[in-house]
Amino acid sequence: MKIAIASGKGGTGKSTLAVNLAYLLSKMNKNVCLLDCDVEEPNCHIFLKPEIKSTQKIFLPVPEADNEKCTGCGKCTEICQFNSLALIKNSIMVFPELCHNCGGCWRICSEKALVKAQKEIGEVQEAKSGNLHFIHGKTKIAEPMSPPLINAVKEKGNSADVEIIDCPPGTSCPMIAAIEGADYVILVTEPTPFGLYDLKLAVDVVKKLKFNAGIVINKSSYNDHLIEDFAAKKNMEILAKIPDDKKIAEYYSTGGIIIEKIPEYKEIFENLNERISNNKR
Amino acid sequence: MKIAVSSTADTSDSAVDLRFGRASGFIIYDLEKESFEFVNNEQNLNAMQGAGVQAAQIVVNQNVGALITGHCGPKAFKVLSAAGIKIFVGAEGSIKEVIEKYKNNELQQALEADVKGHWV
């Protein structure tokens, strides 16, 4: 079973939820794989402190010009939809940072003046502690495209009973890449106007893509009605509420697992797990 | 020799477009014939990315010796320089005025991009 944890707004508690849920399930003797797909700023490792066992560099294919062979026909610049090639007389200039890796240019070039080369976009790291398998991706600095790296992280996680996917914030390509293939999507929000605004966008995405999904209110407070009214209107279940408790914030800031330190919160995560299991069926 | 000026519209009274990649178009002025034509850059106005590269490609294809514009980013600068086009930034006013300034050597040639990409 694959559970994706997404949000819309950043900083609502995706990683907190992902880490604690993964930890709980691993203590229930399940084979768990936690995939930190927030590859632009992964942070689950700060809480789990895993010992990294392997690191794999991830590459994407980009064109490289062999200008001795260029006849200046310009077919490659015509097929490129991302303006990553310029033709100057009989010579091609490549801007790999604009390339979306479609391979059109080196396929259309009959002179083989453009060939496929590799560009490093980041790395995927794996760790294992007990029956908790941990995988995350780290984008190479200044690399703008994260979905291929997110997919590389997800490809590694195919053997566990439960996969927990910590998604990037937002509702654009990286978030979609991360939730793709999930059996259930948890949308974490906070009861503020900002939280609600971005939750609406995230709900639109999961509804449009026909995911099973529910909502968790983090930093739950007197303002919960903001989220509850919206959830009722959209026929979405509130799966759990995590209180706005200073103890959580304090322990979080030291990089710990909350249910380990504050056992009274374990029940919230147990109930959450049960609800997701019921919903999935 | 021909020169290109980024322009907000298609007449010689039009204002210089301060943007290069996302300029409305380019006035291509022939210094010998003292005539000009307008080349549209409309497709790049809404380009998702790489507007500078593509606008530079348009200018390169016009076989000009110089480009006059407001600002020029690094990728466009690279393409234009590779084609041997001299780049003059910081231009403002009407197309007519800047062409006069160019003829009187009153414009300063840029030796590097004067803005980063996406400067607007």
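The values are calculated or read from the model by the stated rules, or taken from the named source; none is laboratory data. All figures in this text were calculated on a predicted structure; none of them were measured in a lab. Virtual Cβ from ideal backbone geometry, glycine too; neighbours counted across all protein chains shown.
Go through the range A:99-138 and give me each residue that's more than 24 Å from A:Glu51 (Cα to Cα) and among the small types (Gly, Ala, Ser).
A:Gly103, A:Gly104, A:Ser110, A:Ala113, A:Ala117
Looking at B:Ala4, B:Ala66, B:Ala76, can you tell me which residue is closer than 29 Å to A:Asn67 by Cα, within 14 Å of chain A (Cβ to nearest Cβ) and at pLDDT 95 or above? Explain how you work it out, then say what you get.
Values: B:Ala4 fails: within 14 Å of chain A (Cβ to nearest Cβ); B:Ala66 fails: within 14 Å of chain A (Cβ to nearest Cβ).
Exactly one of B:Ala4, B:Ala66, B:Ala76 is closer than 29 Å to A:Asn67 by Cα, within 14 Å of chain A (Cβ to nearest Cβ) and at pLDDT 95 or above, namely B:Ala76.
Hey, among A:Gln81, A:Gln56, which residue is modelled with pLDDT under 95 and not charged (D, E, K, R)?
On the way: A:Gln56 fails: modelled with pLDDT under 95.
Every option except A:Gln81 fails the conditions.
Quick grid of which residues meet (1) of a type outside the set (S, T, N, Q); (2) within 15 Å of A:Leu60 (Cβ to Cβ); (3) surrounded by 19 or more Cβ atoms within 10 Å (Cβ to Cβ):
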site: A:Gly137; (1), (2), (3): yes, yes, yes
site: A:Asn151; (1), (2), (3): no, yes, no
site: A:Glu155; (1), (2), (3): yes, yes, no
site: A:Ala160; (1), (2), (3): yes, no, yes
site: A:Glu163; (1), (2), (3): yes, no, yes
site: A:Thr171; (1), (2), (3): no, no, yes
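Restricting to the range B:35-59, give me the number of residues that are within 19 Å of B:Ile85 (Cα to Cα), surrounded by fewer than 22 Cβ atoms within 10 Å (Cβ to Cβ) and within 12 Å of chain A (Cβ to nearest Cβ).
Count: 1.
For the range A:1-46, give me each residue that is of a type in the set (Val, Ile, Thr), in contact with a Ser or Thr (Cβ under 9 Å, 6 or more places away or on another chain) and crowded, with 20+ Cβ neighbours inside 10 Å.
Residues of the range A:1-46 that are of a type in the set (Val, Ile, Thr), as a first pass: A:3, A:5, A:12, A:16, A:19, A:32, A:39, A:46.
So of that shortlist, the ones also in contact with a Ser or Thr (Cβ under 9 Å, 6 or more places away or on another chain) come out as A:5, A:12, A:32, A:39, A:46.
Matches in the range A:1-46: A:Ile5, A:Thr12, A:Val32, A:Val39.
To keep it simple, each residue is scored yes or no on (1) out of contact with any Ser or Thr (no Cβ under 9 Å at 6 or more places or on another chain); (2) in contact (Cβ under 8 Å) with a residue 60 or more places away in the chain; (3) in a loop (DSSP other than H, G, I, E, B).
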position: B:Met48; (1), (2), (3): yes, no, yes
position: B:Ala91; (1), (2), (3): no, yes, yes
position: B:Glu97; (1), (2), (3): yes, no, no
position: B:Leu107; (1), (2), (3): yes, no, yes
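Taking the range A:49-68 only, how many residues are part of a strand (DSSP E or B), among the charged types (D, E, K, R) and more than 9 Å from A:Glu126 (Cβ to Cβ)?
At the first step, the residues of the range A:49-68 found to be part of a strand (DSSP E or B) are A:52-65.
Checking the rest, the ones that are also among the charged types (D, E, K, R) come to A:53, A:57, A:64.
Narrowing the set further to residues that are more than 9 Å from A:Glu126 (Cβ to Cβ) leaves A:57, A:64.
Looking only at that region, the number is 2.
What residue, among those in the range A:230-255 that are at pLDDT below 95 and buried (at least 16 other Cβ atoms within 10 Å of the Cβ), is nearest to the chain's Cα centre (by Cα)?
A:Tyr252
Return the total of residues in the range A:83-124 being surrounded by fewer than 18 Cβ atoms within 10 Å (Cβ to Cβ), more than 19 Å from A:Ile58 (Cα to Cα) and within 14 Å of chain B (Cβ to nearest Cβ).
Within the range A:83-124, residues that are surrounded by fewer than 18 Cβ atoms within 10 Å (Cβ to Cβ), more than 19 Å from A:Ile58 (Cα to Cα) and within 14 Å of chain B (Cβ to nearest Cβ) number 3.
Among the residues of the range A:202-229, how many are in contact (Cβ under 8 Å) with a residue 24 or more places away in the chain, within 25 Å of the chain's Cα centre (by Cα) and either part of a helix (DSSP H, G or I) or over 24 Å from A:Ser172 (Cβ atoms) (or both)?
Number of matching residues: 9.
Conditions: (1) assigned to a strand (DSSP E or B); (2) under 19 Å from A:Pro147 (Cα atoms). A:Val39 meets all but one. Number of the miss?
Unmet for A:Val39, out of (1) assigned to a strand (DSSP E or B); (2) under 19 Å from A:Pro147 (Cα atoms): (1).
Run A:Lys49 past the list (1) crowded, with 16+ Cβ neighbours inside 10 Å; (2) in the same structural domain as A:Tyr252 (by TED's automatic domain parsing) and report the number of the one that doesn't hold.
All conditions are met except number (1).
What about B:Ala91, is it more than 9 Å from every other protein chain (Cβ to nearest Cβ), over 28 Å from A:Ser91 (Cβ atoms), in contact with a Gly (Cβ under 7 Å, 6 or more places away or on another chain) and surrounded by 15 or more Cβ atoms within 10 Å (Cβ to Cβ)?
So B:Ala91 passes the test.
Being modelled with pLDDT under 95 and assigned to a helix (DSSP H, G or I) is the filter here, so list the residues in the range A:84-114 that pass it.
Scanning the range A:84-114 gives A:Pro96, A:Glu97, A:Leu98.
With the condition kept exactly as written, say whether any residue in the range A:134-156 is under 21 Å from A:Leu24 (Cα atoms) and touching a Pro at 6+ places or on another chain (Cβ under 6 Å).
Taking every residue of the range A:134-156 in turn, at least one turns out to be under 21 Å from A:Leu24 (Cα atoms) and touching a Pro at 6+ places or on another chain (Cβ under 6 Å).
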